[in-house]
Amino acid sequence: MSTNSEPIEALADELLAIRCQLGERAAFDVLIARWHEPVWRYLRRLANNDDVAGDLSQDTWIRVLRGIGALREPGKLRPWLFGIARRVAMDRLRFEYVRRGADDVEIDELPADDATQDLEVDLAAIDTALAVLPVSEREMLTLFYLRELSLAEIAALLAMPVGTVKSRLYRARLELRRALETRGAFT
Amino acid sequence: MNTPTNMQTGSLEYIRRLAQGELSIKARIGYVSLLLVAAAMTAVVLSLWLTEPVLPARTQAAFGVMSLIGGAWVSFALWALTARRPLFARDAVIAGTLAVVFTSVFVAGALGAVIVSGAAAAFGALGTGVVMLGIAVWNLVSASRRHAALAARRRELESALRTG
């Protein structure tokens, strides 16, 4: 997910965070307009429920608005935002959040997206298949396919090495593929 | 999976409305004013209480209760300004200026009371006022420095983004 636009995006993120820290009300409008939907999508995937995602989104934004003034590294706005959303979700979905660390292995190269890359799959079927995956797999796939965070940022967010992120992502894709196959979603 | 619409909890419009309330400058200045008034009143009550040599038990109890109430309001305002309505850099400069003006007036009043009455309580209030003024000035200087640093970084970033 590394692109040439990343440094520009990082500078733009830092500028937006600093404008918020200065207290510019217009900057908060931009912040919310830019990040409301990605954060909501992430939370919706974790919660598997629109109403719960709405509540989580509200709690997340309250914490963001109250906390952005103290953000020490404004250039890390994205992982900070998703970190807050994640903590809010974990507080609510703690019973669902079973960490699966025992069989984690670190890998260097991310294998091809064999679950969906070469096949036309109904988007609604992906949505349904994702919903039955464990929350940790849903989270991993959502973070990756939102394409808002780099692998390094996802690793920092989840407090694990990049190799483990790749390994978990690979496993999550396999589980998604199995779920899709079970539903006969491939055409 | 569609994002919520209209005013559903978590919708864009809902979060915008939520932000309006959260970012209200009136609420922030209100808490700053509460902090200043409560601190000044507590300082006066404590000065009277601690400097009067002989006070009936009931009066002492009344001063004690008033001091506790004042301290509770000071604590509440401090909590609100750190947890619920933290000050952004511009707000902090405005709040710092307000605090310096307010505590200067308080010190001037206490100084007047010292000159006119020479009462021990007036000296106590003057001493407390000078400490409060010192804290207010220190806060204003810190807030101004932080604001200047953020504004400078903002200019750097805008320049970098313009030049690509």
(request) For the range B:77-134, enumerate the residues that are within 14 Å of another protein chain (Cβ to nearest Cβ), hydrophobic (A, V, I, L, M, F, W, C) and out of contact with any helix residue (DSSP H, G or I) (no Cβ under 8 Å at 6 or more places or on another chain). (result) B:Trp79
(request) Sort out which residues of the range A:148-159 are touching a residue at least 40 places away in the same chain (Cβ under 8 Å), open to solvent by 30 Å² or more (accessible area, probe 1.4 Å) and not in a helix (DSSP H, G or I), and write them in order of number. (result) A:Glu148
(request) Select from the range B:105-121 the residues that are within 22 Å of the chain's Cα centre (by Cα) and of a type in the set (A, V, I, L, M, F, W, C) and write down the one among them that is least open to solvent (accessible area, probe 1.4 Å). (result) B:Ala110
(message) Quick check on the range B:16-36. Is at least one of its residues assigned to a helix (DSSP H, G or I), open to solvent by less than 30 Å² (accessible area, probe 1.4 Å), in contact with a Leu (Cβ under 7 Å, 6 or more places away or on another chain) and not hydrophobic (A, V, I, L, M, F, W, C)?
(response) yes
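Determine, yes or no, whether A:Arg177 is charged (D, E, K, R), assigned to a helix (DSSP H, G or I) and open to solvent by 60 Å² or more (accessible area, probe 1.4 Å).
yes
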(message) Can you find a residue that is open to solvent by 70 Å² or more (accessible area, probe 1.4 Å), assigned to a loop (DSSP other than H, G, I, E, B) and at pLDDT 85 or above anywhere in the range A:94-104?
(response) no
(request) Could you please give the count of residues in the range B:14-39 that are more than 10 Å from chain A (Cβ to nearest Cβ) and either over 30 Å from B:Leu98 (Cβ atoms) or of a type outside the set (Gly, Ala, Ser) (or both)? (result) 9
(request) Could you run through the range B:50-68 and say how many residues are open to solvent by 50 Å² or more (accessible area, probe 1.4 Å) and assigned to a loop (DSSP other than H, G, I, E, B)? (result) 4
(request) Considering each residue of the range A:28-65, count those that are more than 17 Å from A:Leu16 (Cβ to Cβ), open to solvent by 50 Å² or more (accessible area, probe 1.4 Å) and within 9 Å of chain B (Cβ to nearest Cβ), and give that number. (result) 4
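The values are calculated or read from the model by the stated rules, or taken from the named source; none is laboratory data. The shown structure was predicted, so the numbers you read here are calculated from the model rather than taken from an experiment. Note: ideal-geometry Cβ built from the backbone for every residue, glycine included; neighbour counts use all protein chains shown. Each accessible area value is taken on the protein alone, full model and side chains, heavy atoms only, with ligands, DNA and RNA left out. Shrake-Rupley method; radii C 1.70, N 1.55, O 1.52, S 1.80 Å.
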